[in-house]
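The values are calculated or read from the model by the stated rules, or taken from the named source; none is laboratory data. Since this is a predicted model, take the numbers as computed values, not measurements. Every residue, glycine as well, gets a Cβ built from its backbone with ideal geometry; the counts of neighbours run over all protein chains shown. Just so you know, the surface numbers come from the protein's heavy atoms only, side chains and all, with ligands and any DNA or RNA stripped out. Shrake-Rupley method; radii C 1.70, N 1.55, O 1.52, S 1.80 Å.
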Amino acid sequence: MPLVDRLRNETQAHHACVEALPCFQALSTRTLPSETHRALHQALALLHEALTRALAATSPPVLVALGAEAPSFHPLLEQGLVSSAPHDRLESPVLIGAIALGERMRSVAHREPLSLLGYHYALRLALLPLSGASPWSGFAQRLEGMALVAAEEEGVLRAAVETFSLVQNLLDALHPPREHPPTWWLNRDAGGHPITTELDELRAALRAAEATWEEFPYYAWRYGEHGRRFSWSDSAWLVTLGGQGEAQVWRHISWLGGLLASRGMPRLMLERHLRVLSQELIHAKPARRKAYDVLARVAERMAEERRRILGDDELRMFGEDFDTRVGPEWSQRLPGAGVLLGAAVADEYGGLAQAVPSLASWMREPSRFPTPWIRAVEQTLLRARSLCRVRFPSGVAGRE
């Protein structure tokens, strides 16, 4: 089945749900309150702006051509839609979801550029198309002759469905008004903890989360999209610690590091994330460097704790040895596994008793990994434990 037909068929139910929403009905009958209308304009403006930038950052000819097009807008959304995108503080929390999807598009443009076809399809062709327009024909012509492998097609479909889901949630919350804490727009399961709502800081937090996920493919393997949303909300919360005293920031981050390690994420992963987050924030708002530097200092403090037990060179050695044991196919499928195992052992010896079991139980699952992999896990753990230089009592890691 041609890709454009798959897109139409697999998003048909989502489209019907969007059109049945009270907000969509009010938009169609021109009865949407002006304040709600403005929030919808801003959200869609942010999405169109992000898509345009993502398309411009890619090289495949079909994406370059799409990026050069001036998108048409539904008459109900006015011609000046893009110009209404906010550039400082978000007026409505619903815009947080638009920011998140925009940063996701930026990340996808780097990792899976052809997936941008799905975002383009959903935002510019399928959702709120011009009356009487037939979006399928022109899009189908552009796709003619393109040979997409199965994974690329699935990426396009996933992007389209993700966009429909976001817009559906946005419209549903806009009218009639539904109150959600800002965190809900990044992660419905995160509760109501504080996050930054400054546009530049929020984007920096999301960029850092996406960069960390690229560095550690283990995240996606084990935790999937549900876990990605926790990384978004955690990163946006960490931004709020900037400007606090270092001792207070250390207590907050030590608590988070222990929690994540007990759930299969060695503190090394948080350490790396803090460094990237600090850099992204400083790049976005250099005038606040002093406030954001505290995150990098805490990351270095975490690193020093770990190095007292296992050094960087030893972790690197575990990674290289593990890759040799499992062979090129599996080392490329899940890179960095040996480093994470060594880091988990360092956390264990630092007082986090569940650090190794929470990671190793997943990495030793026979239904998931072959025997040579499982054997390499056991050998890496044994070797790492034999080289540990310090052991703290249980529960000591991360304390003053």
- Taking Ala85 as meeting all but one of (1) closer than 29 Å to Ala205 by Cβ; (2) modelled with pLDDT of 60 or more; (3) open to solvent by less than 10 Å² (accessible area, probe 1.4 Å); (4) of a type in the set (A, V, I, L, M, F, W, C), write down the number of the exception. (2)
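Look at region 320-373 and say how many of its residues are assigned to a loop (DSSP other than H, G, I, E, B) and open to solvent by 60 Å² or more (accessible area, probe 1.4 Å). If you could, list the steps in order and put the result at the bottom.
Within region 320-373, the subset assigned to a loop (DSSP other than H, G, I, E, B) is 334-336, 350-354, 364-370.
Retained after the next criterion (residues that are open to solvent by 60 Å² or more (accessible area, probe 1.4 Å)): 354, 364-368.
Adding up the residues that qualify gives 6.
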- Pairs under 7 Å by beta carbon, first residue among the hydroxyl-bearing types (Ser, Thr, Tyr) in region 269-281, partner buried (at least 21 other Cβ atoms within 10 Å of the Cβ), six or more apart or different chains? Ser278/Tyr292; Ser278/Leu295
- Message: Any residue in region 199-224 that is closer than 16 Å to Pro182 by Cα sitting within a Cβ distance under 7 Å of a residue that is acidic (Asp, Glu) and open to solvent by 40 Å² or more (accessible area, probe 1.4 Å)? List the pairs, counting only those 6 or more apart or interchain.
- Response: Leu199/Asp88
- Task: Specify the residue that is nearest to Ser107 (Cα to Cα); the eligible residues are those in region 144-159 that are without any contact (Cβ under 8 Å) to a residue 24 or more places away in the chain and among the acidic types (Asp, Glu).
- Result: Glu154
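Going residue by residue through region 168-178, is there one that turns out to be more than 20 Å from His37 (Cα to Cα) and touching a residue at least 40 places away in the same chain (Cβ under 8 Å)?
Taking region 168-178 and keeping what is more than 20 Å from His37 (Cα to Cα), we get none.
No, region 168-178 contains no residue that is more than 20 Å from His37 (Cα to Cα) and touching a residue at least 40 places away in the same chain (Cβ under 8 Å).
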- Task: Return a yes/no flag: does region 54-66 have any residue that is open to solvent by 70 Å² or more (accessible area, probe 1.4 Å), at pLDDT 85 or above, touching a Lys or Arg at 6+ places or on another chain (Cβ under 8 Å) and of a type outside the set (Ser, Thr, Tyr).
- Result: yes
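Criterion first (open to solvent by less than 80 Å² (accessible area, probe 1.4 Å), in a helix (DSSP H, G or I) and at negative phi) does Asp293 satisfy it?
Numbers: open to solvent by less than 80 Å² (accessible area, probe 1.4 Å): yes; in a helix (DSSP H, G or I): yes; at negative phi: yes.
Against the criterion (open to solvent by less than 80 Å² (accessible area, probe 1.4 Å), in a helix (DSSP H, G or I) and at negative phi), Asp293 qualifies.
Every residue in region 261-290 that is open to solvent by 70 Å² or more (accessible area, probe 1.4 Å), under 30 Å from Leu359 (Cα atoms) and assigned to a helix (DSSP H, G or I), please. Steps first, please.
The first filter runs over region 261-290 and keeps only residues open to solvent by 70 Å² or more (accessible area, probe 1.4 Å), leaving 263, 272, 279, 283, 286-290.
Okay, now just the ones that are also under 30 Å from Leu359 (Cα atoms), so 263, 272, 279.
Within region 261-290, Arg272, Gln279 meet the criteria.
For Val249, state whether it is under 18 Å from Ala236 (Cα atoms), within 24 Å of the chain's Cα centre (by Cα) and surrounded by fewer than 21 Cβ atoms within 10 Å (Cβ to Cβ). Working first, answer last.
On the way: under 18 Å from Ala236 (Cα atoms): yes; within 24 Å of the chain's Cα centre (by Cα): yes; surrounded by fewer than 21 Cβ atoms within 10 Å (Cβ to Cβ): yes.
It is true that Val249 is under 18 Å from Ala236 (Cα atoms), within 24 Å of the chain's Cα centre (by Cα) and surrounded by fewer than 21 Cβ atoms within 10 Å (Cβ to Cβ).
Among the residues of region 378-385, is there at least one that is of a type in the set (A, V, I, L, M), surrounded by fewer than 17 Cβ atoms within 10 Å (Cβ to Cβ) and at pLDDT below 95?
We begin by selecting, within region 378-385, every residue of a type in the set (A, V, I, L, M); these are 381-382, 384.
Next, only the ones that are surrounded by fewer than 17 Cβ atoms within 10 Å (Cβ to Cβ) stay: 382.
Those still in the list that are at pLDDT below 95 too: none.
No, there is no match, as no residue in region 378-385 is of a type in the set (A, V, I, L, M), surrounded by fewer than 17 Cβ atoms within 10 Å (Cβ to Cβ) and at pLDDT below 95.
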- So Thr380 fits all but one of (1) part of a helix (DSSP H, G or I); (2) more than 23 Å from Gly258 (Cα to Cα); (3) hydroxyl-bearing (Ser, Thr, Tyr); what number is the exception? (2)
- Single residue of Arg158, Arg188, Arg203, Arg178 found to be within 19 Å of Ser92 (Cα to Cα), open to solvent by 50 Å² or more (accessible area, probe 1.4 Å) and under 19 Å from the mean Cα position of the chain (by Cα): Arg188
- Scanning region 327-346 for residues that are touching a Gly at 6+ places or on another chain (Cβ under 8 Å) and closer than 22 Å to Arg389 by Cα gives Ala337, Gly338, Val339, Gly342
- Task: Specify which of the listed residues (Asp189, Asp200, Asp293) is among the acidic types (Asp, Glu), in contact with an Asp or Glu (Cβ under 9 Å, 6 or more places away or on another chain) and more than 20 Å from Ala346 (Cβ to Cβ).
- Result: Asp200
- Residue count for region 99-124, restricted to those that are in contact with a Leu (Cβ under 7 Å, 6 or more places away or on another chain) and not aromatic (Phe, Trp, Tyr): 14
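For Thr31, indicate whether it is open to solvent by 70 Å² or more (accessible area, probe 1.4 Å), part of a loop (DSSP other than H, G, I, E, B) and free of Cβ contacts under 8 Å to residues at least 60 places away in the same chain. Explain how you work it out, then say what you get.
Working: open to solvent by 70 Å² or more (accessible area, probe 1.4 Å): yes; part of a loop (DSSP other than H, G, I, E, B): yes; free of Cβ contacts under 8 Å to residues at least 60 places away in the same chain: yes.
Judged against the criteria, Thr31 is a match.
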